[in-house]
Amino acid sequence: MDFTFTEEQQAATEAAQAVFSGVAPDAVPSPALVPGAVAEDIDRPLWAGLASGDLLSLTLAPEHGGAGLDLVALCLVLRESAKVLARVPLLETCAVAMAVQRYGDQELAAELLPRIGRGDLVLTVGTNGRTGHDPAELAVTARPDGDVDEDGRSGSGSGSGRNNNAGTSWVLDGVQSAVPWAQAADWIAVPAHAGDGRAVLALIRRDDDGVTIAEQVSTNGELFGEVRLDAVRIESRRLIDATDAWEWLRSVLTTGTCALALGLGEAVLAMTSQYTGKREQFGFPVATFQAVAMQAADRYIDLRAMEVTLWQAAWRIAVGGAGALPPAGDVAVAKIWASDGVRRVVQTAQHLHGGFGADTDYPLHRFHAWAKQIELSLGPAAAHEEALGDLLAAHPLG
């Protein structure tokens, strides 16, 4: 396999490094030192910097003011963002924008996408459902307005394809929990299920009637939100009912999260290398001790496995390349390595740093909190192994 990046992808990486070069991971209070959220808003100056560097429009088509690059380029930028713990919904905004561009109403796309690229709009998406244990699309119902069921509530319609129910408004009810930076977002993408069981994707505004957001705090101290929808009515163009839209968006979000795990892990391993190279015991740097070197080498192997499986998954999604397994198989493998790998990297770093690993004046504890949030977002590796097993059973190899 040839994972050589194109000139455009390399340029995106360099642009991201320039934008993130001035970001300090401890620029906001530590989650260990404040009782609630570490901040009330995203990093707006950084968001403006991403817009001015054309990084928010990276994956948008030229007609929408973008560079027309693919998911691989986005993952390269996300990788750099995680190295500095960038407090911006870069993944969520770009992923939803890509879904709108690919599946959404063309007029709505023309209205929203240029503004997203300029940094005028912030987007996020709910992926955790009501509790985080059930499929997110089952936590919200979507029904065409005007239909009534036996209980006197709006009933459900049917259809598939690109906004098949043109001219029909929709009613949404349900809850999405732990929505990243929901209070800061202008638009929130909400997966839902229609009456015939298909998954749809609704685009709601934070100020729509019937939308309430309760504060929640993530493991890494960021302000998340429980988004409650009570008979929220939206026009048909704001509901994407293409057959695979939600599954595609979920794969993009998952792969992007794997990129965040990789970038964070690389930053932590570099931090560990610097520390163990300077910290001396018995007159020698601890990095020269065999036990320390072997643990660091194991984590390096974890990162390389995380990297190769990430690019394989991103490439399959970007080009839709044929394979023995559907792209979901590559995404599952990437999740297995990222979920376990990022945990092992930060645990080893904590161990090799000794007491400094828990010192709140040292940045490692902050990376540990973010790594745990990423691990929780990806879910346990065992679940992904089970999903991969199901795919192998359904698509026998050879």
Exactly one of Ala387, Ala358, Ala369, Ala349 is more than 18 Å from the chain's Cα centre (by Cα), touching a residue at least 12 places away in the same chain (Cβ under 8 Å) and closer than 21 Å to Pro31 by Cα, and that residue is Ala349
Being over 20 Å from the mean Cα position of the chain (by Cα), of a type in the set (A, V, I, L, M) and over 30 Å from Ala393 (Cβ atoms), is that true of even one residue in the range 323-335?
-> no
Any residue in the range 119-126 that is assigned to a helix (DSSP H, G or I), modelled with pLDDT of 95 or more and open to solvent by less than 20 Å² (accessible area, probe 1.4 Å)?
-> no
Got at least one residue in the range 308-324 being modelled with pLDDT of 95 or more, aliphatic (A, V, I, L, M), open to solvent by 10 Å² or more (accessible area, probe 1.4 Å) and more than 24 Å from Phe5 (Cα to Cα)?
-> no
Of (1) in contact (Cβ under 8 Å) with a residue 12 or more places away in the chain; (2) surrounded by fewer than 21 Cβ atoms within 10 Å (Cβ to Cβ); (3) out of contact with any Leu (no Cβ under 9 Å at 6 or more places or on another chain); (4) not basic (Lys, Arg), Ala15 satisfies all except one. Which?
-> (3)
Across the range 71-118, which residue is surrounded by the most Cβ atoms within 10 Å (Cβ to Cβ) among those that are in a helix (DSSP H, G or I) and in contact with a Lys or Arg (Cβ under 7 Å, 6 or more places away or on another chain)?
-> Tyr103
Looking for whichever is open to solvent by less than 20 Å² (accessible area, probe 1.4 Å), over 30 Å from Gln183 (Cβ atoms) and modelled with pLDDT under 95 here; the options are Val292, Val286. Which one fits?
-> Val286
State all residues of the range 46-68 that are outside any loop (DSSP other than H, G, I, E, B) and within 21 Å of the chain's Cα centre (by Cα); if no residue qualifies, say none.
-> Leu46, Trp47, Ala48, Gly49, Leu50, Ala51
Answer yes or no as to whether Thr4 is within 25 Å of Val96 (Cβ to Cβ) and out of contact with any His (no Cβ under 6 Å at 6 or more places or on another chain).
-> no
Flagged in the range 19-35 as without any contact (Cβ under 8 Å) to a residue 60 or more places away in the chain and touching a helix residue (DSSP H, G or I) at 6+ places or on another chain (Cβ under 9 Å), in numbering order, are Val19, Gly22
Residues that are more than 17 Å from Leu74 (Cβ to Cβ) and modelled with pLDDT under 90, drawn from the range 1-24 | Met1, Asp2, Thr4
With respect to Glu226, is the statement that it is surrounded by fewer than 20 Cβ atoms within 10 Å (Cβ to Cβ), in contact with a Ser or Thr (Cβ under 7 Å, 6 or more places away or on another chain) and touching a residue at least 60 places away in the same chain (Cβ under 8 Å) true?
-> no
Evaluate the following for His368: is it open to solvent by 30 Å² or more (accessible area, probe 1.4 Å) and on the phi < 0 side of the Ramachandran plot?
-> yes
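The values are calculated or read from the model by the stated rules, or taken from the named source; none is laboratory data. Just so it is clear, the model here is predicted, and its values are computed rather than measured. Glycine gets a Cβ as well: all are built from the backbone with ideal geometry, and neighbour counts include every protein chain shown. Accessible surface areas use protein heavy atoms only, side chains included; no ligands, DNA or RNA. Shrake-Rupley method; radii C 1.70, N 1.55, O 1.52, S 1.80 Å.
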